[in-house]
Amino acid sequence: MIVFAKKTYQQALACCLSNIQQTKVCWYVIFIFCLIFFQKNTFAQQIFFEKNIQNPAYFQDKTLTNSIWQNQNANVFLQKMTFNQLFQKYENTTANKLETNLYIFEERFEDKIAEIQRISATENQHFLAIFYENILKNTLSNDNWAVYLQNQAFSYQKNQQYAQAIFYWENLRKLVKNSVQKKEIDFYILQNHLALNDYEKIYNHFEKADFSNLEKGNYAYFFGKKDTANVTKHWKKAEDFFVEFLKNNKNQDKNTKETLAKICEIYYAHCDFGKIIPLTNDFLKNAFFTNNSTYEKLEPLDFQILKYTSEALFQEKDYEKAVLHYETWKKLAESDFILKFPNNPALFTNDALFHYGWALYQTEKWGESSVILEKFGFLQEKQSDIAFFYAGQSYMKTGVQNSAKDAFAQANRLTKNAEMKQQTHILLAKIATNTKDFKSASQYWQTYKELYPQDAQAENADYFIQKNQLQALGFKNFHKNLDSLTKNNAKENAQFYIQLALEKSLEKTENPQEKQENEQIIADLLQNKNLSLHQQRNLKYTLAERYLQNQNPQLAIPLYQELLDWKAKDDDFSMLSHYGLGYGYYQTQQFMLANTHFQLCIVGNSPYFSLAQKNDAFVRLADGYFGLNDFSKAKKYYEYALKAGEKIMDKTTKEYVERQIKELGIRN
């Protein structure tokens, strides 16, 4: 009692235990005393068991033993020591060999196994391992031991106790020697790890599991589908396994196709488009782009690989190849051949349609791009406004003004992009002007001015409105319209009207009716005294050129001559007039006069006369001498023209000159 008064309970307990007598009565007294502290004093428990760990008498009483496990706060350390003693106790029974019946064995040790399960996962595995190594191995045959482990594994797996199931599977794996059985066990181990979402242990298990690179890749690919939060990590591992598999497998079998499709999906998901193209190039070349390619042998996986490659080429801006792949894909999707599959594996998606149209636009295939982009636009997808806008641009490139107008109108209606809305207003106004719908053009500009008063283009809106209103008058009644504008004190409009008439007359056109209209405008303008000298000369030269182009040299020659006789300070039209007269006289077979003017073109210098025109003058001079049967001079000037114009002569003229030289060489 003196000891307890002077020391803490812990010290007192330690002191008592150190002097304990090896008698059962004394031992019980001390132990019952210690139990008073078990709920609150784990230190007392620890000292008690350290002192009595080798005393078998303690473990003879099951009631005392069970009291340890009924205590919910029992220290793991104490549990560990208790089982060490239990194992030692039961080891002594192995000499007599317990019954080999599994069910009797399980029943006998059921309470102990259940107790072990209450310990933490790490301790659990530790104690079970000791328990089995010390008892079960020496009790059961290997076959019964394996059956027991398998039954336990399936039981825990069924009850969703995956950690315990893994423990039994791993112990069973150590026991079996057959590689097929080991692989099956590996599969169950992975299943349970997967149920616990413990992917790191799965990848660690890969190191010892007998899985091929293809199998590992397929597992990692599946994990990425399941564990979407960490898909990048899983698919990076899958990529490594798949790449290794493809290095060692060059066959075009189903496994190869499936692997290619999956790795394409991985690269596409991670925007590694550049990796897809070299990976699938040879495969697609054999499947789709050789003379030996036959669609009858194609499978859904082939189409999947084609899709990923088409999109990858588009994303890498290799539009030429993208167009080729999209064309093949679209052709297959619309063919009767695809009907043999239950679901269309080559389905041409809306995104693919837009990308195809854009690739066509980028490769300047305007006719095809306009159709494809407009088709996508009518699908009312997110990018329909963009599709209509560039469909309109494509139609503009091919001169289909009305279709361009419809496409731009759709883009204007659908878009929420302010810049596109402005651009479509301007483009619609320009198309209306080009199609001579001047009233609509004026309205578009008026609307634009009201919607965007601060925009720079709005400052020019008044000009375009006025221009379209005047153009709406036309030029057939030029003098009448001009007089009307002048009488109404609209002199500025009158001058503007004359300027527009002048611009119209100088337009180049292949339409015979428009050419005739322009010539009439020129004739009307020449009667107007308000034109400047330069404007008059420009009109006469334009009219002469038109006559010459229309094979009317008789009407062109006097106009060219008039330009030469006109004593003007500028020399814009002198050389050009000599050049025109040379052609005019040549067409009328007046070769001497033609040669005179061509020679003046050759010796003269003018910034308005190009080297190409001068070289052409040499050729026509040679033609003139050929027409005069002076073949030596003709050959001389042909050869000179060929030498001097080596870099500037077009192919057709060069071939013509070479034929002439060859013919003249034969004649000589």
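Quick one: grab the alpha carbon gyration tensor of the stretch 377-502, order the square roots of its eigenvalues as a ≥ b ≥ c, and give me rounded if a/c is under 1.5, else prolate or oblate depending on whether a/b is larger than b/c. Prolate is the answer for the stretch 377-502, as a/c is 1.5 or above and a/b outweighs b/c. Across the stretch 423-434, computed HN-Hα scalar couplings (Karplus, 6.51 cos²θ - 1.76 cosθ + 1.60, θ = phi - 60°) run 4, 5, 4, 5, 5, 5, 5, 5, 5, 4, 5, 4 Hz from first to last residue, x flagging Gly and Pro. Using the Cα gyration tensor of the stretch 242-369, with a ≥ b ≥ c the square roots of its eigenvalues, what is the shape: rounded (a/c below 1.5), prolate (a/b larger than b/c) or oblate (neither)? Verdict is oblate for the stretch 242-369.
Peptides 380-386, 236-242, 183-189, 304-310 ranked from most to least packed by the mean count of surrounding Cβ atoms within 10 Å: 304-310, 236-242, 183-189, 380-386. Extension gain, Val371-Gln495: 0.36 nm per intervening residue step, less the Cα-Cα distance, totals 40.3 nm.
Stokes-Einstein diffusion of the stretch 300-382 at 4 °C, 1.567 mPa s viscosity, Kirkwood radius from Cα pairs, rounded to a whole number: 100 µm²/s.
With the cut-off at under 20 Å, measuring from each backbone N in the stretch 430-449 to a point 7 Å along the Cα-to-Cβ line of Thr509 picks out 430-442.
The separation of the stretch 363-410 from the stretch 620-667, counted between C-alpha centres, amounts to 49 Å. P(r) for the stretch 546-650, from all Cα pairs and a bin width of 5 Å, is 2, 14, 22, 23, 20, 12, 6, 1, 0 %, short bins first. Protection proxy ranking for 413-419, 259-265, 654-660, using the average of other Cβ atoms within 10 Å per residue and placing the highest first: 259-265, 654-660, 413-419. Within the stretch 573-647, the chymotrypsin sites (Phe, Trp or Tyr not before Pro) that combine a DSSP coil assignment with at most 15 other C-beta atoms in a 10 angstrom radius are Tyr608. For the stretch 212-259, rounded, prolate or oblate, judged on the Cα gyration tensor with a ≥ b ≥ c (square roots of eigenvalues), a/c < 1.5 rounded, else prolate if a/b > b/c? Prolate.
Here is the list for the stretch 448-520: trypsin sites (Lys or Arg not before Pro) lying in DSSP coil, each with at most 12 other C-beta atoms within 10 angstrom of its C-beta, are Lys476, Lys508. Average accessible surface for the stretch 288-381: 51 Å² per residue, computed with a 1.4 Å probe over protein heavy atoms with every protein chain in place.
If R0 is 22 Å, the Cβ-Cβ spacing of Gln587 and Arg659 corresponds to a FRET efficiency of close to 0.55. Charge tally around Ala387: other residues with Cβ under 12 Å, Lys/Arg +1 each, Asp/Glu -1 each, net -2.
If each residue of separation counts as 0.36 nm, what is the full-extension length gain between Lys476 and Gln252 once their alpha-carbon separation is subtracted?
73.3 nm
Here the stretch 175-243 and the stretch 510-576 have alpha carbon centers that stand 86 Å from each other. The distance between label points at Thr447 and Phe154 comes to 7.7 nm (points 7 Å beyond Cα on the Cα→Cβ vector). Note on Lys416: aspartates and glutamates with a C-alpha under 13 Å away, same-chain residues under 8 apart excluded, are Asp385. What is the sum of charges, Lys and Arg at +1 and Asp and Glu at -1, for the other residues whose Cβ falls under 11 Å from the Cβ of Ile602? Once all neighbours under 11 Å are counted, the net charge is +1.
Here the relative contact order of the stretch 213-281, from alpha carbon pairs under 8 Å that lie six or more residues apart, stands at 27 percent. Note on the stretch 428-482: lysine pairs with Cα distance below 17 Å, sequence gap of 8 or more or different chains, count 9.
The values are calculated or read from the model by the stated rules, or taken from the named source; none is laboratory data. Just so you know, these numbers come straight off a predicted model, no measurement behind them. We place every Cβ from the backbone using ideal geometry, glycine too, and count neighbours over all the protein chains shown. Ligands, DNA and RNA are stripped out before the accessible areas are found, and what is left, the full protein with its side chains, is counted by its heavy atoms. Shrake-Rupley method; radii C 1.70, N 1.55, O 1.52, S 1.80 Å.
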